[in-house]
Each structure stands twice: as structure tokens, then as C-alpha cells.
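K.L.:
Below you will find the structure I want to go over with you.
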Amino acid sequence: MRVVSGIQPTGKPHLGNYLGAIRNYVALQDDAHGVGGECLIFIADLHAISMPHDPATLRASTLELVATLVACGLDPDKAILFNQAQVPQHTELQWLLNGTARMGWLNRMTQWKDKAGKNREGQSVALFTYPVLQAADVLLYQATHVPVGEDQKQHLELARDIAQKFNNDFAPKNPDGSDAPIFTLPDPIIPPEAARIMSLRDGAAKMSKSDPSDMSRINLSDDADTMVQKIKKAKTDPEALPSEEAGLAERPEARNLVGIYAALAGQSVEAVLGEYGGQGFGAFKPALAELLVTNLGPIRDRFVALKDDSEALDAILARGAAKARERGTPTLDSVYRALGLVRH
Ligand code: TRP
């Protein structure tokens with residue numbers, strides 16, 4: 001079992017990132033560790049330059065994200081934690097895979113279409129080839145499991161297509177004549193939909209760091225009072241909570257708060273409604289706030305203790321990157337060889 005996933009260093013991490021991605025990494029780190037596998041989690045800083053960015057902010061966000069990941073329970077002794085920029089094999093493999101990826105495949109990527117909009121000509125080449133770098137990220141390490149959000153599923157399928165075509169076109173033969181594939185086809189792991197956390201101000205929008213209102217999200221760096229205030233002010237409707245999940249169908253804000261409660265408590269939505277059905281938000285919100293403070297308080301304390309210790313954070317990344325370079329080298333060597341590229 002080899003788990004590989006990347007997360008972009010864009011802005012303050014919030015509850016949505018924690019429940020949707022980071023918490024899942026921590027569980028997989030422990031699963032992989034338990035079966036003698038490995039878990040590689042990296043900060044996708046190279047992907048971040050596909051959009052206009054500010055260099056000083058990128059560095060700060062990268063360190064902030066390492067602090068967050070460690071505060072949330074990723075353990076640099078169990079998982080390999082690093083940033084792409086310190087592992088040149090990612091970009092090397094991307095170039096080599098550019099020979100296999102097809103323009104038509106990339107043109108069909110919905111993230112490219114969404115981000116480029118009507119202005120394709122004005123986009124960076126990096127935004128277009130972004131999914132090839134992502135394929136390199138996972139294929140380099142022979143990933144078996146790749147935890148991603150629903151929105152990244154298509155990129156994972158592309159990584160599988162690239163791997164398959166490369167194996168077909170270039171895999172060497174075993175002595176018995178069978179193929180000796182170079183790449184493992186990775187499987188996506190999509191966390192349960194309960195992990196889809198919406199804005200506290202608008203149940204139809206995802207909780208996001210780019211929402212101009214800070215009241216729309218719970219930041220992992222918020223103190224207890226701030227969290228309580230944000231839940232108190234969260235948008236709701238005047239009805240009491242239903243006793244059945246179906247009763248949440250037309251009530252996105254109510255469904256979001258119940259979903260957050262369920263995810264944090266490790267319960268099903270049905271179980272939460274079994275307890276709170278018939279009660280109003282006046283009773284439910286304080287319970288939710290308390291649950292948030294209990295769960296996120298210790299994360300916040302660890303985050304605050306680490307976030308300004310750039311020496312410690314740099315050391316974590318350097319150690320992870322050294323291990324990642326070692327893990328990636330054999331695959332990259334076979335790719336060069338398979339392509340007939342002469343080295344040494
Ligand atoms: N593109 C992913 C995102 O925006 C981040 C990412 C980069 C990634 N490389 C990856 C995720 C490799 C999984 C595997 O969320």
C-alpha cells in the first residue's frame with residue numbers, strides 16, 4: 001500500500017480542508033504504517049505557479065501548510081512530508097510524460113476549462129499541463145491509493161490513462177516475453193460526501209479560503225471564541241431540525257451544520273438527527289460549537305506553537321524531501337531507460 005497525495009498551499013487552511021482532506025490523510029498514514037506501506041503527502045507548490053502568484057506569499061503559505069498538516073496529526077516519522085520543489089524528479093518525470101499525454105486529453109479536463117474560461121490564449125502553459133505534473137506526482141512513487149476530492153477524480157483518471165499508454169508503448173519485456181509494466185495504475189480514494197463542507201453564510205457554496213467573508217469559514221487558526229461566534233452567526237432557517245435526513249433536502253444551511261456535526265462526532269447524519277430532531281438551532285448551535293472547540297482546539301494549539309518556527313518546519317520538509325528523492329529515483333531511472341534516453 002502506497003498512499004500519495006498533494007495539497008496546494010493556497011491560503012489559510014479551514015475546517016473544509018481538515019474534514020475533506022487532511023483528516024483522511026492522517027487515517028491513511030496510520031493504515032499504511034500498520035501494513036508496512038508508506039504514505040507520501042506533499043505540498044503542491046509547483047502546481048501553485050500555474051496561476052498568478054506572489055512569491056513571498058507562496059513561501060509563507062507553504063510553511064503554514066506544513067505546520068497545519070503536522071498540527072492535524074500527520075507525523076513526519078510515519079508519513080513522508082515534503083514539498084514538490086525540493087524533489088526535482090517530479091518535474092523531470094512530467095517532461096518525460098509530456099511525450100505520452102495527448103493534447104486532446106488535456107483539452108477535456110474540466111478544471112482547465114473552468115479556470116481558463118473564455119481566455120484560453122491568456123493562460124500559462126503550466127495551467128494546461130498541470131494534470132501531467134499531477135500524474136507524475138503519483139506515478140513517480142508507484143502510488144496504489146490517492147486520496148483526492150471529487151473535483152480531482154478526472155485528473156486521477158488522466159494519470160491512469162497516461163500510465164497505461166506509457167506501459168503499452170514502452171514497457172520492457174520480461175525474459176518470458178510478458179510485459180514488465182513500469183507504472184502502477186493508482187486508485188482514487190474519495191472521502192464520503194459528509195466531508196463536503198459548505199460556507200456558513202451560503203449553503204450552496206463550498207467553504208473556501210477565497211470567500212471574502214471570514215465569517216463564512218472556520219479557520220484552523222481561529223480561537224475558541226471566534227469559532228463560537230461564527231457558529232452563532234451562521235445562516236440558518238427558522239424551522240426546527242427534522243428527525244429524518246430527507247427533511248434536510250431543501251435546507252442547505254441546516255444540512256451543512258448537521259453534516260459538520262456528524263463528521264466531527266464520527267456519527268451518521270441520521271444519528272445526529274435522531275438526537276436533535278425537533279429541536280431548534282438555539283439548542284443545536286451551542287452543541288455544535290462545543291464539538292468544534294473540543295476537536296479543533298488542540299489542533300489550533302499545536303498549529304500556533306509551530307507556525308512561526310520556520311527552522312523546524314524547513315527541517316521537516318528537508319527530511320521528507322530526502323526520503324522522497326530516494327523513493328522516486330528507481331522509477332525515474334526505468335522511465336529514462338525505457339525511452340531510450342542515454343544517461344551517465
Ligand atoms: N491538484 C490537486 C488539488 O488541487 C493537488 C495535487 C497535486 C494532487 N498533485 C497531486 C492531489 C497528486 C493528489 C495527487 O487538490
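The values are calculated or read from the model by the stated rules, or taken from the named source; none is laboratory data. This structure is a prediction, so every number in the text was calculated from the model and none was measured. All Cβ positions, even for glycine, are placed from backbone atoms using ideal geometry, and neighbour counts span all protein chains on display. For accessibility, only protein heavy atoms count, side chains too; no ligands or nucleic acids. Shrake-Rupley method; radii C 1.70, N 1.55, O 1.52, S 1.80 Å.
K.L.:
Excluding ligands, DNA and RNA, what is the solvent-accessible area per residue of the chain at a probe of 1.4 Å, expressed in Å²?
P.N.:
46
K.L.:
Tell me the angle of helix 23-34 to the major Cα principal axis of the chain, expressed in degrees between 0 and 90 and rounded to the nearest ten.
P.N.:
50
K.L.:
Taking the highest mean first, how do the peptides 63-70, 157-164 order by number of other beta carbon atoms within 10 angstrom per residue?
P.N.:
63-70, 157-164
K.L.:
Quick one: if you stick a label point 7 Å off each Cα along the C-beta vector at A180 and Q164, how many nm between them?
P.N.:
Simple spin-label model gives 2.4 nm for this pair.
K.L.:
Considering only protein heavy atoms and a 1.4 Å probe, what is the carbon-and-sulfur percentage of the accessible area of the range 77-163?
P.N.:
Taking all protein chains in place, the range 77-163 shows 50 percent carbon and sulfur surface.
K.L.:
While we're here: Along the charge dipole of the chain, Cβ charges K/R +1 and D/E -1, which of A324, F170, Q152 sits furthest on the positive end?
P.N.:
The one lying farthest along the dipole's positive direction is F170.
K.L.:
If a/c stays under 1.5 just call it rounded; otherwise compare a/b with b/c (prolate if a/b is bigger, oblate if not). Do that for the range 268-344, with a ≥ b ≥ c from the square roots of the Cα gyration tensor eigenvalues. Please report the intermediate quantities before stating the final value.
P.N.:
Numbers: a/c = 7.03, a/b = 2.21, b/c = 3.18.
Verdict is oblate for the range 268-344.
K.L.:
Could you tell me what percent of the accessible area of the range 214-306 is made up of carbon and sulfur, with a 1.4 Å probe and every protein chain present?
P.N.:
Details: 2180 of 4250 Å².
Within the range 214-306, the accessible surface is 51 percent carbon and sulfur.
K.L.:
By how many nm would the segment from T294 to E244 lengthen if fully extended, with 0.36 nm per residue of separation less the alpha-carbon distance?
P.N.:
Between T294 and E244, full extension yields an extra 15.4 nm.
K.L.:
Helix 281-307 versus the longest principal axis of the chain: what angle, 0 to 90°, nearest 10, using Cα atoms?
P.N.:
For helix 281-307, the angle is close to 40 degrees.
K.L.:
If you take every DSSP beta bridge fully contained in the chain, what fraction is antiparallel? Give it as a percent rounded to 5. Intermediate values should be presented prior to the final figure.
P.N.:
Values: 3 of 17 bridges.
Around 20 percent antiparallel, to the nearest 5.
K.L.:
Turning to a different aspect of this structure: Please compute one quarter of the surface area of the Cα convex hull for the chain and express it in square nanometres.
P.N.:
Mean orientational projected area (the chain, Cα hull): 20.0 nm².
K.L.:
Mind checking the full-extension length gain between A116 and A312? Use 0.36 nm per residue of separation minus the Cα-Cα distance, one decimal, nm.
P.N.:
Fully extending the segment from A116 to A312 adds 66.8 nm.
K.L.:
Sticking with the crude label model, points 7 Å out along Cα→Cβ, report the distance from Q229 to D75 in nm, one decimal please.
P.N.:
3.6
K.L.:
For the range 2-101, what class follows from the C-alpha gyration tensor (a ≥ b ≥ c being the square roots of its eigenvalues): rounded when a/c is under 1.5, otherwise prolate if a/b is larger than b/c, else oblate?
P.N.:
On the way: a/c = 2.04, a/b = 1.16, b/c = 1.75.
Because a/c hits 1.5 or more and a/b fails to exceed b/c, the range 2-101 counts as oblate.
K.L.:
Determine, from the Cβ-Cβ distance of Y336 and V35 and an R0 of 35 Å, the FRET efficiency 1/(1 + (r/R0)^6), rounded to the nearest 0.05.
P.N.:
With a Förster radius of 35 Å, E is 0.70.
K.L.:
Per DSSP H run of n ≥ 4, the term is -39500 (n - 2.57); total these for the chain, divide by its residue number, and report the mean residue ellipticity at 222 nm rounded to 500 deg cm²/dmol.
P.N.:
Taking each H run of at least 4 residues, the total per residue is -16500 deg cm²/dmol.
K.L.:
Whole number please: convex hull volume per residue of the Cα set in the range 214-306, in Å³?
P.N.:
Cα-based convex hull of the range 214-306, divided per residue, equals 85 Å³.
K.L.:
Put +1 on the Cβ of every Lys and Arg and -1 on every Asp and Glu Cβ in the range 214-306; which of P242, Q279, V258 then has its Cα farthest towards the positive end of the dipole?
P.N.:
The residue sitting farthest along the positive end of the dipole is V258.
K.L.:
K12 to E275: FRET efficiency via 1/(1 + (r/R0)^6), r the Cβ-Cβ distance, R0 41 Å, to the nearest 0.05? Mind showing how you got there, number by number?
P.N.:
Values: r = 32 Å, r/R0 = 0.77.
Plugging the Cβ-Cβ distance into 1/(1 + (r/R0)^6) gives 0.80.
K.L.:
Compute the long axis of helix 55-71 from its Cα atoms, compare it with the longest principal axis of the Cα atoms of the chain, and write down the angle in degrees, 0 to 90, nearest 10.
P.N.:
For helix 55-71, the angle is close to 70 degrees.
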